[in-house]
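First the structure, in the form of C-alpha cells, and then the observations on it.
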Amino acid sequence: NMSEQEREFQARIDAGVKIEPKDWMPEAYRKTLIRQISQHAHSEIVGQLPEGNWVTRAPTLKRKSILLAKIQDEAGHGLYLYSAAETLGVSRDELLDALHSGKAKYSSIFNYPTLSWADMGAIGWLVDGSAIINQIPLCRCSYGPYSRAMIRVCKEESFHARQGYDIMLALCRGTPEQKQMAQDALNRWWWPSLMMFGPSDADSVNSAQSSKWRIKLFSNDELRQRMVDQTVPQAEFLGLTLPDPDLKWNAERGHYDFGEIDWSEFHNVLKGNGPCNKERLRTRVKAWDDGEWFRDAMVAYADKQAARKSA
Ligand code: 3HC
C-alpha cells in the first residue's frame with residue numbers, strides 16, 4: 001500500500017505534472033531514472049565510436065563534415081543526459097565509473113563493427129531512426145530535466161536520420177557494387193536496430209513500473225512495430241530487401257508482421273559478448289585515463305579562481 005506522500009506523487013504523475021529535481025519523489029523513481037538516463041547518456045558517448053572509424057575514410061569532404069557534425073552532436077546529447085542524471089543526486093564520476101567497470105549498460109547496437117561506408121548510411125537511417133522513435137515519447141516523460149533534454153536531442157536526431165538515408169539513396173542510385181554495399185549494410189544492421197527497443201514486453205522487467213510513472217509512454221513492442229512499419233516503405237523506395245522472409249503486411253492488424261528476433265544474440269551482447277563490446281569499453285577507459293591530466297588542470301584552475309574570488 002502507498003503512503004500519503006506516494007499517493008500524492010502518483011496523482012501528480014497521473015495529472016501529467018512534471019516532476020522537478022527539488023520535488024519529493026519515491027527512491028525507486030529516482031533510482032530507475034538514474035539507471036535509464038545514465039545508460040542513455042552512455043549510449044550517446046559509446047555511440048560515437050563506430051562512426052569515428054569512417055571520418056578519415058569519408059568519400060567526399062561534404063560527407064566528412066556531416067559525419068563530424070553528427071558525432072559532435074552525440075557528444076552533446078551525452079552531456080545533456082549526464083547533466084539530467086546529475087539533477088537526481090549522482091555525480092558524473094560515479095556514472096562514468098559504472099560504465100568503465102561494466103556495471104552500467106549502453107545500447108547493444110554500438111557493439112557491432114562498421115565494415116563499409118554504407119554502414120554510415122545504415123546507422124543514420126536505422127539506428128538514429130530507431131532512437132528517434134524511442135526518444136519522441138520521452139519528450140513527454142514525467143521527469144522535467146529528462147523530457148527537456150529529449151526535446152533538444154530529437155531536433156538534432158532528425159538531421160542524423162536524414163543524412164543516413166541520403167547516403168543510402170546515393171549508393172542505391174550508384175553502381176551495382178555500391179547498391180550491393182548498401183544491401184549488405186542493411187542485412188547487418190536491421191535486426192540489431194530492432195533490438196534497440198529492448199526485450200519483448202513479456203520479458204521487460206522495468207516496463208510495468210516505468211509506464212505507471214510515465215517514464216515509458218509506449219511499450220518496447222509498440223515502438224518496435226512503429227519502426228518496422230515506418231522502414232518497410234523506405235527500404236522499398238531504395239530498392240533494397242529487408243533481411244526478414246517473414247515480413248508481410250497484415251491488413252487486419254494494419255501493421256507488418258515480422259520474424260522472430262534472435263533473443264540469444266540480444267542477451268549475449270548484453271552480457272558483453274558482442275563483436276565489439278571489449279574494444280568499445282577499452283576505448284572509453286583509455287579516453288578517460290588519457291584525459292585525467294586535463295580534468296585535473298581544469299579543477300586546479302577552478303580552485304585557483306575560487307580562491308582568488310574569496311581572497
Ligand atoms: N541495449 C542494452 N540494454 C538494453 C537494451 C539494449 N538495446 N534494451 C533493454 N536493455 C536493458 C535495460 O536497460 C534493462 O536492464 P537494466 O534494468 O539493467 O537497465 C533490461 O535490458 C530489461 O529491459 P527493460 O525493457 O525492462 O528496460 P527499460 O524499461 O529500461 O527499457 C529501453 C529499455 C527501451 C532502452 C529504455 O531504457 C529506454 O527507453 N532508454 C532510453 C533510450 C535509450 O537508451 N536509447 C538508446 C538508443 S541509442 C541512442 O540514443 C544514441 C542515438 O544517438 C543513436
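Which whole-number percentage describes the relative contact order of the stretch 1-131, with Cα contacts under 8 Å and a sequence gap of 6 or more?
Working: 84 pairs, mean separation 41.7, N = 131.
The value is 32 percent.
Once you keep just the Cα pairs under 8 angstrom separated by 6 or more residues, what percentage relative contact order results for the stretch 66-225? Don't skip to the answer; put the middle values down first.
Working: 151 pairs, mean separation 44.1, N = 160.
After rounding, I find 28 percent.
Order 256-262, 139-145 from most to least packed using the mean count of other Cβ atoms within 10 Å. Show your work: numbers first, answer last.
Working: 256-262: 15.0, 139-145: 19.9.
Packing order, densest peptide first, comes out as 139-145, 256-262.
Considering all alpha-carbon pairs of the chain, what whole percent are spaced by more than 36 angstrom? Before the final figure, lay out each step's value.
Details: 10726 of 48205 pairs.
The proportion of pairs with Cα distances above 36 Å equals 22 percent.
5 Å is the cut-off here: which amide hydrogens, built 1.01 Å from N in the peptide plane, fall below it relative to H255, excluding neighbours closer than 5 in sequence?
N250
Kindly identify the stretch 99-139 as rounded, prolate or oblate by the Cα gyration tensor criterion: order the square roots of the eigenvalues as a ≥ b ≥ c, call it rounded if a/c is under 1.5, otherwise compare a/b with b/c, prolate if a/b is larger, else oblate.
Cα axes put the stretch 99-139 in the oblate bin.
What is the stretch 10-147 by shape, rounded, prolate or oblate, if you read a ≥ b ≥ c off the alpha carbon gyration tensor as root eigenvalues and call it rounded for a/c under 1.5, prolate for a/b larger than b/c, and oblate otherwise?
Working: a/c = 2.63, a/b = 1.95, b/c = 1.35.
Since a/c reaches 1.5 and a/b is larger than b/c, the shape of the stretch 10-147 is classed as prolate.
Using Cα pairs under 8 angstrom and six or more residues apart, how large is the relative contact order of the chain, in percent?
Once normalised by length, the contact order is 19 percent.
Roughly how big is the stretch 64-120's charge dipole about its Cα centre, with Cβ charges of +1 (Lys, Arg) and -1 (Asp, Glu), in debye to the nearest 20? It would help to have the intermediate numbers written out before the result.
Values: 5 positive and 7 negative charges, 33 e Å.
That gives a dipole near 160 debye.
Taken together, the values in this text are just the output of simple stated rules run on the coordinates, not laboratory data. The shown structure was predicted, so the numbers you read here are calculated from the model rather than taken from an experiment. A quick note on method: Cβ atoms are made from the backbone with ideal geometry, for glycine too, and the neighbour counts reach across all protein chains shown.
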